[in-house]
């Protein structure tokens, strides 16, 4: 995630500069109900492990890796409030490229994540890194490969949270609509090429882009479900 964390006056000045620049690029209504200031400060406090992050062409093995990990998670959490496990993010959307990180949304009956759930995840090799970037009520757990070249990331979320359906609607919409998928990939590449921006700025503008698409995805999913 972000490398913009730090401390003291220098860090406060850096965040203020990022906030000022972001206000010229995104509107508050594009950020899922959070202000630019609130999201910058929340994401600047996120914790994540050291990892050699790489963007790779889509690998069909990601889908089977998800299924294998899903079975491990289900076996561990089935009796601990588990409701659903979904593959999310770019690695779940062929043929999009993605980072060497597989994101999984693990929906449970109630939040916050319990000590028992955290203990069971630790038994599978996962370590808690506190609040997830998706929603501050979610907790994310990382299981980094032994070689540091990849990871599974579990986002423990409430099954009734709107974010859980937003994530799956986005994925299903992008899988079903090639033109939307191609446009998203082109815009992400264009965004990544903006000179001088921090990782935090890139991530927040990308979130705004994804949420604009999510609005269309939610409408698409409602129409699809209504036709069934």
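The values are calculated or read from the model by the stated rules, or taken from the named source; none is laboratory data. Not measured: the values here are computed from a predicted model. No Cβ is skipped: glycine too gets one built from the backbone with ideal geometry, and neighbour counts run over all protein chains shown.
Annotations for the structure displayed:
- Residue match in the range 147-158 (condition: free of Cβ contacts under 8 Å to residues at least 24 places away in the same chain and assigned by TED's automatic domain parsing to the domain that holds residue 69): yes
- Residue in the range 70-78 that is closer than 27 Å to residue 178 by Cα, without any contact (Cβ under 8 Å) to a residue 60 or more places away in the chain and surrounded by fewer than 18 Cβ atoms within 10 Å (Cβ to Cβ) present: yes
- For residue 172, the requirement of being surrounded by fewer than 19 Cβ atoms within 10 Å (Cβ to Cβ), over 28 Å from residue 81 (Cβ atoms) and not assigned by TED's automatic domain parsing to the domain that holds residue 15 is not met.
- Residues in the range 159-211 that are at pLDDT 95 or above and not in a helix (DSSP H, G or I): 159, 160, 161, 177.
- From 136, 94, 112, residue being surrounded by fewer than 18 Cβ atoms within 10 Å (Cβ to Cβ) and under 15 Å from the mean Cα position of the chain (by Cα): 136
- Extreme residue, farthest from residue 109 (Cα to Cα), among residues of the range 171-183 that are within 17 Å of the chain's Cα centre (by Cα) and without any contact (Cβ under 8 Å) to a residue 60 or more places away in the chain: 173
- For the residues 123, 130, 148, the requirement of being more than 17 Å from residue 62 (Cβ to Cβ), under 15 Å from the mean Cα position of the chain (by Cα) and surrounded by fewer than 20 Cβ atoms within 10 Å (Cβ to Cβ) singles out 130.
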